[in-house]
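Quick note: the coordinates plus some simple rules give every number you see, no bench work behind them. Keep in mind that this is a model prediction, so the values were computed, not measured. Note that each Cβ is placed from the backbone with ideal geometry, even for glycine, and that neighbours are counted across all protein chains shown.
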Amino acid sequence: MQRLLMFGLHFMISTTIMGIFVTATLSSGHGTARPILIAALAGFVLSLPVSWFVTRKITHLVKA
């Protein structure tokens, strides 16, 4: 159950964080493909521990 919740949350969290990073990259004037891909990859990687933390908090609140 916890893995399924984390998988679902990861879709939403990664999309949000990747969008924030790509928007920040474009706003800073880096409009080529390489910085955009690096920003998207960084957002994806950062969203993994964020998804784990949010899933952990939700499961602890539900158990209480």
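Please give the helix 2-27 orientation as an angle from the longest Cα principal axis of the chain, in degrees from 0 to 90, rounded to the nearest 10.
For 2-27 against the chain, the angle is about 20 degrees.
Which order do peptides 52-60, 10-18, 23-31 fall in by mean Cβ count within 10 Å, highest first? The partial results should precede the final answer.
On the way: 52-60: 13.8, 10-18: 16.2, 23-31: 11.6.
The densest-packed peptide leads the list: 10-18, 52-60, 23-31.
Would you mind calculating the gained length between Leu48 and Ile36 on full extension (0.36 nm times residue separation, minus the Cα-Cα distance), in nm to one decimal?
Working: separation 12, 0.36 × 12 = 4.32 nm, distance 1.91 nm.
That pair, Leu48 and Ile36, stretches by 2.4 nm at full extension.
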